[in-house]
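Colleague: Dropping the structure in here first, questions after.
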Amino acid sequence: MGQRQTLPVLPLRGTVMFPGITAPIAAGRPGTLRAIETALKGDRLVFAVAQRDNTEEPSADILFTTGVIARIGQIQRGLGGVQLLLQGEQRATALQYTETDGFLSAVIVPAEEMLPLDLKDPAFEALHKEARERAAELGEKRGLPEEVVHQVLDSVEDAGRFSDLVAGYIELTVPEKQGLLETLSVEERLRRVLVHVQRQIGLLEAQEDIKSQVQEELGERQREMFLREQLKAIQKELGDDDSSKEISELREKLNKLVLSKEGRAEVERELGRLERAGRESMEAQVIRTYLEWIAELPWNTRSDDLLDLNGASTILDEDHYGLKDVKDRVLEFLAVRQLRAQQVAAEVATTGEFPVSKLKGDVSDATPTLGTNGDDRQITDTKEAKARAMARGPILLFNGPPGVGKTSIAKSIARALGREYVRVALGGARDEADIRGHRRTYVGAMPGRIIQGMKQAGTKNPVFLLDEVDKLGQSYQGDPSSALLEVLDPAQNDSFTDHYLGVPFDLSEVLFIATSNFIQNIPGPLLDRMEVVEFSGYTEREKAEIAKTYLVPRQLEESGLAGRDLAFTDDAVMKVISEYTRESGVRQLERQLGAVARKVARRVATGDSSTIEDRIIDADEVRDLLGRPKVHPERAAEHDEVGISTGMYYTPMGGDIMFVEASIRRATSTASDVESVARESAGRVGPIALILTGQLGDVMKESARAALTYATNNAELLGIPADRVASASEAHIHVPAGAIPKDGPSAGIAIATAIVSEMSNRKVRRDVSMTGEITLRGRVLPIGGVKEKVLGAHRAGIREVIIPKANEADLEDVPDEVRRQLSFHPVETLRDVLRIALVDSERVVETEELVGV
């Protein structure tokens, strides 16, 4: 360790002194000037140390402990202080700072550098060489002459001094430089300096690239601007000014539009801005795009409506089989519009005036384009009046499972009306701008899907399908379902304002139709604006008719088999329906029929069509072509069994049956024990553990608990022996299939029937299925999906169906052919259910008295 010494302290602000570096320093603070004077009276040495912050009056607390012993060289005094040349000599560490005579002094000890163990180590030499080369490169990139850079760097051969030299001249923050000063290991300091130098080189290279790009871009723009100005002058001399011509054509298109006062004012303002802006400026491009959107929208273009109910009925029957309720609702929809249009047209023809007061919306600001005589005005106003009259009324929502014809029947409505058809898929839309568009302040802004659809239609009264409205999402960007509230509200959509357009657009003449699969996913306010038309699944007979009438001819045509007299037998079609598809609609059915057609086409193409006898595809041929059956629907049980009842369920894919299995575990005891327990528990039932399996939901679990409670508390009335109730310790309810989640209250009576059957050891009829919610008092409450459940039971081979008494009216929705083949039993209590479902039902007591629960 070096010898201690006490030196005046020279605090440095914003810089760090390194050994071997000579730097000019300006001093003006009183304490600093006293320290300099004290040093000049002695050996001219000071302790130069950096401050931690820029405080005006330095103290020991804000000074680093590591600094440099420096010698004062030349000094020049002035009015504001002194200018001195300071030369760093050696690192030192301050052991103590003291303040005497108005300046700081420090007790210091020199800090010795730590040299590498082997100066000839190849790694150290490589590091030293790399640092020198990079330092030279940095100096040259900063604009210093090459010979000066090499002269300065070559003058220092020692690695430690070299690292100090470079550290003193590169641009670093005070903490970074202080860190280098405090690094006593020469190798580590050299490595750190190399990192900083390389970073400085990268920064300079990035700056050079940016500078060159800016210069190149400015040069190109100036050149392009100069050439375009020359081109504009030449075109002006030739009388061929394209820009003025384009603006004139655009103005002519816009003048033909029927716009409101606000719309006309906005268009004129933007046209003025376009004329003043340079043709190639970004602003001109944005304005031109906006005005082109305005010009291409159907502000006053309508299609003639075809209000022939007979023709509409024919079109619907041509395009769709079945769906009688839906077709009736659509024809009623069209009939009302026909009568209203006739009423308005008659009034216009009689008075010769536009009956604005009787129509939805306000067109007082509109300026229609009229003909040159009164007849032209009357015809134009009659057409507009009919269109506006037809636009009033409910907005339809087609709700039902996939593949039942919701989207295609909307297209048929457009064809029946003679209107344009536009479809917008809303599934997955999460941004409110999808509906309302983006404001023009954003780069790449465009109108929303509603306005885009209107442009696509080309008329202001199309049939506009909002597909999958139940699958709208939400995000931080807004709620698109809320934006649809204005679109689907007849009281507001005559002035729908898209964010991009900024002017009201009349949607009142648009016939909106929405589709959905899950109505519960639609927000209440949006659902309130639409009239729901339910689509239920097809029966197997309806699917067969659809296949024979529509699907088979289409698939034969697509497979190149049209005109070859190929035909499917009824059994073949039914085999495909029952064993290869499981759906409410017919999409999968069409795919399977297409698969059959393609395989037949392959045989025909290879000359191996001899296996198809008489060009008829029967059920056996379907089995050979499609392979093993892909679907295994539930079928009615083969035998009456104890503890197994048949329930019914409904999904968006259609209805089906399910089996409810009950098993009672009994405590092991002697006969005398059982009799004793039975006597002690007469009228009461001890606790029975309930186990539920089969992925049952909370509602279904509650139904099972209610069923068990009712069965045990009313055992005598239900014909259950007391000893069997007394010995029961555990009831296990299982609903196959275990991998499929199940929930809902409609399995209540099926669970209760299975429990009573198991506890009383009586069989349940295999040809009876049931549905209904059960209460603790044994009442059977109504449920939903009766039609689909009945169709599923009929498909499974069930012949008798038990339903709640309150659902009896729902049987009107069941097709007549199915009702004729089934027997229905409306019930009000569980005892009514047991009398029908159990094989030995005489033990059910005919009384209304219930045990309290």
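Colleague: Hey, among GLU188, GLU171, which residue is surrounded by fewer than 20 Cβ atoms within 10 Å (Cβ to Cβ) and not in a loop (DSSP other than H, G, I, E, B)?
Modeller: Numbers: GLU171 fails: not in a loop (DSSP other than H, G, I, E, B).
When all the criteria are applied, what remains is GLU188.
Colleague: PHE535: over 30 Å from LEU811 (Cβ atoms) and of a type in the set (Phe, Trp, Tyr), yes or no? Walk me through how you get there before you give the answer.
Modeller: On the way: over 30 Å from LEU811 (Cβ atoms): no; of a type in the set (Phe, Trp, Tyr): yes.
So PHE535 fails the test.
Colleague: Taking only pairs six or more apart or across chains, which ones have beta-carbon atoms under 6 Å, a first residue in the stretch 201-214 that is touching a residue at least 24 places away in the same chain (Cβ under 8 Å), and a second residue that is open to solvent by 60 Å² or more (accessible area, probe 1.4 Å) and not small (Gly, Ala, Ser)?
Modeller: Partner pairs satisfying both residue conditions: LEU204/LYS141.
Colleague: Suppose we filter PRO58, PRO19, PRO8 for residues that are more than 16 Å from LYS177 (Cα to Cα) and at pLDDT 90 or above; which single one remains?
Modeller: PRO8
Colleague: (1) assigned to a loop (DSSP other than H, G, I, E, B); (2) surrounded by 23 or more Cβ atoms within 10 Å (Cβ to Cβ); (3) hydrophobic (A, V, I, L, M, F, W, C): which one isn't true of LEU466, the others all being true?
Modeller: It fails just one condition, (1).
Colleague: Being on the phi > 0 side of the Ramachandran plot and touching a Phe, Trp or Tyr at 6+ places or on another chain (Cβ under 6 Å) is the filter here; which residues of the stretch 416-463 pass it? Don't jump to the end; show me each part of the working.
Modeller: Keep residues of the stretch 416-463 that are on the phi > 0 side of the Ramachandran plot, which gives 418, 428, 437, 444, 458.
Correct list: GLY437 only.
Colleague: Take PRO553 and decide whether it is closer than 30 Å to ILE435 by Cα, open to solvent by 10 Å² or more (accessible area, probe 1.4 Å) and out of contact with any Asp or Glu (no Cβ under 9 Å at 6 or more places or on another chain). Break it down stepwise before answering.
Modeller: Values: closer than 30 Å to ILE435 by Cα: no; open to solvent by 10 Å² or more (accessible area, probe 1.4 Å): yes; out of contact with any Asp or Glu (no Cβ under 9 Å at 6 or more places or on another chain): yes.
For PRO553, the condition - closer than 30 Å to ILE435 by Cα, open to solvent by 10 Å² or more (accessible area, probe 1.4 Å) and out of contact with any Asp or Glu (no Cβ under 9 Å at 6 or more places or on another chain) - is not met.
Colleague: Conditions: (1) farther than 17 Å from VAL174 by Cβ; (2) in contact (Cβ under 8 Å) with a residue 24 or more places away in the chain. GLN76 meets all but one. Number of the miss?
Modeller: Against the list (1) farther than 17 Å from VAL174 by Cβ; (2) in contact (Cβ under 8 Å) with a residue 24 or more places away in the chain, GLN76 comes up short only on (2).
Colleague: Just to be sure I understand the filter: pairs with C-beta atoms under 8 Å, separated by 6 or more residues or on different chains, first member in the stretch 486-501 and free of Cβ contacts under 8 Å to residues at least 60 places away in the same chain and assigned to a helix (DSSP H, G or I), second member aliphatic (A, V, I, L, M) and open to solvent by less than 30 Å² (accessible area, probe 1.4 Å). Which pairs pass?
Modeller: VAL487/ILE435; VAL487/ILE450; VAL487/LEU507; ASN493/VAL487; ASN493/LEU507; ASN493/VAL510
Colleague: OK, next. For the stretch 383-415, what are the residues that are open to solvent by less than 30 Å² (accessible area, probe 1.4 Å), in contact with a Ser or Thr (Cβ under 8 Å, 6 or more places away or on another chain) and at pLDDT 60 or above?
Modeller: Across the stretch 383-415, the qualifying residues are LEU397, PHE398, ASN399, GLY400, PRO401, GLY403, VAL404, LYS406, ALA410.
Colleague: Let me ask something else about it. Quick check on the stretch 471-485. Is at least one of its residues assigned to a strand (DSSP E or B), open to solvent by 10 Å² or more (accessible area, probe 1.4 Å), in contact (Cβ under 8 Å) with a residue 40 or more places away in the chain and of a type in the set (S, T, N, Q)?
Modeller: Step one: filter the stretch 471-485 for residues assigned to a strand (DSSP E or B), giving 475, 478.
Narrowing further to those that are open to solvent by 10 Å² or more (accessible area, probe 1.4 Å): 475, 478.
If we keep only those that are in contact (Cβ under 8 Å) with a residue 40 or more places away in the chain as well, we get 475, 478.
Those still in the list that are of a type in the set (S, T, N, Q) too: 475.
Checked against the condition, which is being assigned to a strand (DSSP E or B), open to solvent by 10 Å² or more (accessible area, probe 1.4 Å), in contact (Cβ under 8 Å) with a residue 40 or more places away in the chain and of a type in the set (S, T, N, Q), the stretch 471-485 yields at least one hit.
Colleague: Out of VAL82, VAL68, report the one residue that is open to solvent by less than 70 Å² (accessible area, probe 1.4 Å), assigned to a strand (DSSP E or B), in contact with a Gly (Cβ under 7 Å, 6 or more places away or on another chain) and not small (Gly, Ala, Ser).
Modeller: Of the residues listed, the single one that is open to solvent by less than 70 Å² (accessible area, probe 1.4 Å), assigned to a strand (DSSP E or B), in contact with a Gly (Cβ under 7 Å, 6 or more places away or on another chain) and not small (Gly, Ala, Ser) is VAL68.
Colleague: Let me ask something else. Could you grab me the full set of residues in the stretch 431-463 that are outside any helix (DSSP H, G or I) and of a type in the set (D, E, K, R)? Before you say what the answer is, go through the steps one by one.
Modeller: So the first thing to find is which residues in the stretch 431-463 are outside any helix (DSSP H, G or I), and the list is 431-432, 437-448, 458-463.
Hits for the stretch 431-463 are ASP431, GLU432, ARG439, ARG440, LYS460.
Colleague: I'd like to check something: does the stretch 36-44 contain any residue that is within 20 Å of GLU176 (Cα to Cα) and open to solvent by less than 70 Å² (accessible area, probe 1.4 Å)? Walk me through it before giving the result.
Modeller: So the first thing to find is which residues in the stretch 36-44 are within 20 Å of GLU176 (Cα to Cα), and the list is none.
Looking through the stretch 36-44, none of the residues is within 20 Å of GLU176 (Cα to Cα) and open to solvent by less than 70 Å² (accessible area, probe 1.4 Å).
Colleague: Being open to solvent by less than 10 Å² (accessible area, probe 1.4 Å) and touching a strand residue (DSSP E or B) at 6+ places or on another chain (Cβ under 9 Å) is the filter here, so list the residues in the stretch 436-456 that pass it. Full working, then the answer.
Modeller: Looking only at the stretch 436-456, we keep the residues that are open to solvent by less than 10 Å² (accessible area, probe 1.4 Å), and these are 437, 447-448, 450-451, 453-454.
ILE450, ILE451, GLY453, MET454 - these are the residues of the stretch 436-456 that are open to solvent by less than 10 Å² (accessible area, probe 1.4 Å) and touching a strand residue (DSSP E or B) at 6+ places or on another chain (Cβ under 9 Å).
Colleague: Looking only at residues that are touching a residue at least 12 places away in the same chain (Cβ under 8 Å) and either open to solvent by 70 Å² or more (accessible area, probe 1.4 Å) or touching a Ser or Thr at 6+ places or on another chain (Cβ under 8 Å) (or both) in the stretch 126-149, which one is farthest from ARG191 (Cα to Cα)?
Modeller: ARG142
Colleague: Might you let me know whether the stretch 729-744 holds any residue that is charged (D, E, K, R), open to solvent by 50 Å² or more (accessible area, probe 1.4 Å) and not in a helix (DSSP H, G or I)? Reasoning before the result, please.
Modeller: So in the stretch 729-744, the residues charged (D, E, K, R) come out as 730, 742-743.
Within this subset, residues satisfying the condition of being open to solvent by 50 Å² or more (accessible area, probe 1.4 Å) are 743.
Applying the additional criterion that residues be not in a helix (DSSP H, G or I) yields 743.
Checking the stretch 729-744: at least one residue is charged (D, E, K, R), open to solvent by 50 Å² or more (accessible area, probe 1.4 Å) and not in a helix (DSSP H, G or I).
Colleague: Let me ask something else. Can you find, within the stretch 15-68, the residue that is nearest to PHE162 (Cα to Cα) among those that are of a type in the set (S, T, N, Q) and over 60 Å from the mean Cα position of the chain (by Cα)? Before the answer, list the steps.
Modeller: The first filter runs over the stretch 15-68 and keeps only residues of a type in the set (S, T, N, Q), leaving 15, 22, 32, 38, 51, 54-55, 59, 65-66.
If we keep only those that are over 60 Å from the mean Cα position of the chain (by Cα) too, we end up with 22, 32, 38, 59.
On the way: THR22: 14, THR32: 30, THR38: 32, SER59: 32 Å.
Looking at residues that are of a type in the set (S, T, N, Q) and over 60 Å from the mean Cα position of the chain (by Cα), I get THR22.
Colleague: Can you tell me which of MET648, MET653 is closer than 29 Å to LYS787 by Cβ, modelled with pLDDT under 75 and either under 43 Å from the mean Cα position of the chain (by Cα) or open to solvent by less than 40 Å² (accessible area, probe 1.4 Å) (or both)? Before you say what the answer is, go through the steps one by one.
Modeller: Working: MET648 fails: modelled with pLDDT under 75.
When all the criteria are applied, what remains is MET653.
The values are calculated or read from the model by the stated rules, or taken from the named source; none is laboratory data. Owing to the predicted nature of the structure, the values given are computational and were not obtained by experimental measurement. Every residue, glycine among them, receives a Cβ derived from its backbone with ideal geometry; neighbour counts consider all protein chains shown. When the accessible area is computed, the model is the full protein with side chains, heavy atoms only, and any ligands, DNA or RNA have been set aside. Shrake-Rupley method; radii C 1.70, N 1.55, O 1.52, S 1.80 Å.
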